[in-house]
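These notes concern the structure reproduced below.
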Amino acid sequence: MKKYFLILCCFFSFCISFGQLSDGKTETHAKDNYSIEYPKNWELNTSGEMGSTFFLFSELSSEEDRFKENVNLMIQNLTGHNINMDQYVEISTGQITTMISEGTILESERKMENGIEFHQVIFTGKQGPFSLKFEQRYWIKDNTAYVLTFTSEKEQFAAYSTTSSDILNSFKIK
């Protein structure tokens, strides 16, 4: 009996965590080559600012909050450059430590999800008055690099971990 209770609890926990982005409280942003789900209370910006394909912005958490946590996608055409994932990661992580003030890489690892390989980098740095923490994922498909980044104030990163993971994990390349 205890065994069945434990299995049932695990099942409900899985359903609750899996359902956070698929419970009708999300929007889907889809294009010909990708799709992503995000909470309805986040703002979608497709203006292309800062070279992005899109930005997703969280709501401010209080009147004192001055930074909107966000997810953005950049797409780069690699045709003619003959760059593989290892080279792309080396170039990208090199830019993190040279272009971001106090840029420090905390984790860098290759992962596989749904049979598709990607590289994940978690790093910190400063931009203006903000101490930030980033989770960045790289995919390369058909001579195109997809760079999906979650950015948060460093002290808020853990508080957004479930939401950011749900958003990042929902990203699909078609």
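Since every read-out is calculated from the coordinates, none of them should be taken as a lab result. Treat the numbers as computed from the prediction; the structure is a model and nothing was measured. Please note: Cβ atoms are built from the backbone with ideal geometry, for glycine as well, and neighbour counts cover all protein chains shown.
Of note:
- Were the residues from MET112 through ALA159 laid out at 0.36 nm apart, the gain over their Cα-Cα distance would be 14.4 nm.
- Förster radius 35 Å - calculated FRET efficiency between ASP86 and SER61, Cβ distance, rounded to 0.05: 0.35
- Alpha-carbon Rg with Dmax, taken over the stretch 77-135, Å: 13.3, 40
- Computing Rg and Dmax of the Cα atoms in Å directly from the structure and comparing it against (1) 17.5, 62; (2) 29.8, 81; (3) 14.5, 43 singles out (1).
- Phi angles of the stretch 117-129 translate, via the Karplus equation with coefficients 6.51, -1.76, 1.60 and θ = phi - 60°, into HN-Hα couplings of 7, 8, 10, 10, 10, 10, 8, 10, x, 10, 9, x, x Hz per residue; Gly and Pro are given as x.
- Considering the stretch 34-84 at the alpha-carbon level, its Rg and Dmax are found to be 14.6, 48 Å.
- Measuring between their Cα centroids, the stretch 70-146 and the stretch 30-51 lie 18 Å from each other.
- Sparse-neighbourhood loop sites, trypsin sites (Lys or Arg not before Pro) in the stretch 33-101 - DSSP loop, at most 10 other Cβ within 10 angstrom: LYS40, ARG66
- Residue among LEU106, LEU148, LEU56 with the largest mean-square fluctuation in a Gaussian network model of the chain, springs linking Cα atoms under 10 Å: LEU106
- Taking only the C-alpha atoms of the stretch 62-163, the Rg (one decimal) and the largest Cα-Cα distance, Dmax (whole number), read 14.6, 48 Å.
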